[in-house]
Amino acid sequence: MIYLFFLPVGQSGLGKSTLVNTLFKSKVSRKSCNPSFEEGISKTVNLQSISHVIEEKGVKMKLTVIDTPGFGDQINNLNCWEPIMKYINEQYEKYLKEEININRKRKIPDTRVHCCVYFVPPTGHCLRPLDLEFMKRLGKVVSVVPVIAKSDTLTLDERQRFKERIRQDLWTNGIKVYPQKEYDEDAEDRILNDKIREKIPFAVVGTDKEHQVNGKNVLGRKTNWGVIEVENVAHCEFANLRDLLIRSHLQDLKDVTHNIHYETYRVRRLNESNL
Ligand code: GDP
Ligand code: MG
């Protein structure tokens, strides 16, 4: 079984829960019917998680989604990234404690966050200070994948311009998002990842409804112009996000978490040497 921990972050109403449901309903080979819930998975931060087992090409995968309600909903959002940062670090700390234990387990229970999907509101303008602050800080401790939330509310033209603006804002602010150029392993990797980097942030659409299109039931949202099919890459980039998370980059997300983010944490903690 492969475990993937996935953390969607963004203000209320941006479609996080809907997108997670879309992910589980979309064309993944097989899924368990009884998702398991866990409440209060963190002692200091009030977060909840839900896990689904899905099977892709004979490989079983347990995808755990950590819900982060309330992020950025206050009038003063100074430091609102803190509980999320704290949660991520707690998972590294737990792993580290197990690792340096004399009687360490053969297989260390691993709850480290592999990917944080950050939902940018579909304003069509530029990144807000809150978005920049969050990604700047979190990008140093976890793989961050930004997405444009509810992108069906923007025209294709607006989406394209907004994407370019966001990429420019990330660049001028020195913000590193996943997949990072420095960690491309070879030329082949670089070509594949460049294609993804050209598309980041993915313009996503989520839904919990199916509609009939040409006699087939598809996941979609009904609009005045017709149905936006969420799994159709001509309509939005939901499928690109899904494929990145659970297909093409699943192992890489795990490797980057262990070899880069956790390693940075480990070295820092051992240097403090008050374990
Ligand atoms: P959360 O607070 O971020 O978890 O947001 P929800 O998933 O609860 O969604 C909030 C509202 O936005 C609901 O009414 C959804 O139906 C709607 N919604 C979710 N995703 C989309 C989307 O991609 N496009 C549009 N237009 N509406 C969406
Ligand atoms: Mg929600």
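Details
- Computed on the range 84-156, with alpha-carbon pairs under 8 angstrom and 6+ residues apart, the relative contact order is 35 percent.
- Net +/- balance of residues flanking Asp208 in space, Cβ distance below 13 Å, scoring K and R +1, D and E -1: +4
- Spin-label proximity, Thr264 to the range 176-197 - amide N less than 17 Å from point 7 Å beyond Cα toward beta carbon: 176-184
- Neighbour-count order for Thr155, Thr18, fewest beta carbons within 10 angstrom listed first: Thr155, Thr18
- Amide N of the range 140-165 lying under 11 Å from the label point, which is placed 7 angstrom from the Cα of Trp171 along Cα→Cβ: 164-165
- Selection of trypsin sites (Lys or Arg not before Pro), the range 83-178, meeting DSSP coil and at most 14 other Cβ within 10 Å: Arg104, Lys105, Arg106, Lys107, Lys140
- Gyration tensor (alpha-carbon) shape descriptor, the range 136-275, a/c threshold 1.5: prolate
- For the range 224-240 versus the range 77-152, the gap between their alpha-carbon centres in whole angstrom: 27
- Rounded FRET efficiency, nearest 0.05, which uses the C-beta distance separating Lys97 from Ala187 and R0 of 35 Å: 0.35
- Histogrammed with a bin width of 5 Å, the alpha carbon distances of the range 104-208 distribute as 2, 12, 20, 21, 18, 12, 7, 3, 2, 1, 0 percent, first bin at zero.
- Ranking of Ile166, Ile2 by count of other Cβ atoms within 10 Å, fewest first: Ile2, Ile166
- Spatial extent of the chain: Rg and Dmax, with the Cα atoms as the point set, Å: 18.8, 64
- Residues Leu130, Leu47, Leu63, sorted so that the one with the fewest Cβ neighbours within 10 Å comes first: Leu130, Leu47, Leu63
Every number here is computed from the coordinates shown, using simple stated rules; none is lab data. Predicted, not measured: the structure shown is a model, and the values here were computed from it. Note: ideal-geometry Cβ built from the backbone for every residue, glycine included; neighbour counts use all protein chains shown.
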